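Okay, structure first, notes after.
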Amino acid sequence: MEVKLIAMISGVNGFGSRTCTDDWEHALITGNGRQGALVYGGPRALRVTFSHERLFLPVGPPLDPPNTVRILPELRSLLYGGAYQQAADRVLDLAIEENPAYAELRQIDPLVPSATLTFRPLTSSSPYFRECDFTSGVVTQGWPGFAQEVFASRADDVIAIRLTGDINGVLDLAPPEDPRSNARPRSPTPTPCA
């Protein structure tokens, strides 16, 4: 598997790879805190799987936030004094006092994808590439003469997708696949494109 860290044109750090994957678990990610997109694929099919903060599988009951109003003056004093860890510890102590469930480590509830948008080009070429600009959050995949850019805008609360170059192909929006009905062995690592 060929993976390399790259410096983008503006000197911004990012990630780049020539590795294809049909497995969303090896996708590059963009998001705005409310919705996100997994960007993956290869020369035969470019995929974007969407998710939203309201789509999740609850694992445990939700915990009410601690009532920090009664310790707010104390917290402000700690924060203004630069005692950030003490302030965080005080909030945690209060949360545990109000609800002992806060003492246990809680994993996030698993997110559920809402749909997958697939672009199948009529023609494609090598070398396939994919990259993520860590500063802008733009994820790009494609090959010479074609690029798909995906970005999650916080200001507009949308996932934006731009196709440039030879965009002849088929675009399909479908519900996410049920892994039970489409069981297939998954490679532990993505495979390089041919």
Subject >> Failed condition for Val59, given (1) in contact (Cβ under 8 Å) with a residue 24 or more places away in the chain; (2) aliphatic (A, V, I, L, M); (3) buried (at least 19 other Cβ atoms within 10 Å of the Cβ) >> reply: (3)
Subject >> Number of positions in segment 154-163 that are more than 12 Å from Phe119 (Cβ to Cβ) and touching a strand residue (DSSP E or B) at 6+ places or on another chain (Cβ under 6 Å) >> reply: 2
Subject >> Pick from segment 62-93, criterion of a type in the set (D, E, K, R) and more than 31 Å from the chain's Cα centre (by Cα), ranking: surrounded by the most Cβ atoms within 10 Å (Cβ to Cβ) >> reply: Arg90
**OP:** State the number of residues belonging to segment 94-135 that are surrounded by 14 or more Cβ atoms within 10 Å (Cβ to Cβ), more than 24 Å from Pro43 (Cβ to Cβ) and of a type in the set (Gly, Ala, Ser).
**Re:** 2
Original post:
So Glu53 fits all but one of (1) touching a Gly at 6+ places or on another chain (Cβ under 9 Å); (2) surrounded by 13 or more Cβ atoms within 10 Å (Cβ to Cβ); what number is the exception?
Top reply: (2)
Subject >> Given (1) among the basic types (Lys, Arg); (2) under 30 Å from Pro121 (Cα atoms); (3) not assigned by TED's automatic domain parsing to the domain that holds Ser17, number of the condition Arg47 does not satisfy >> reply: (3)
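The values are calculated or read from the model by the stated rules, or taken from the named source; none is laboratory data. Here the structure is a predicted model, which is why all the values come from computation and not from measurement. Because the Cβ atoms are built from the backbone with ideal geometry, glycine has one as well, and the counts that use them run over all protein chains shown.
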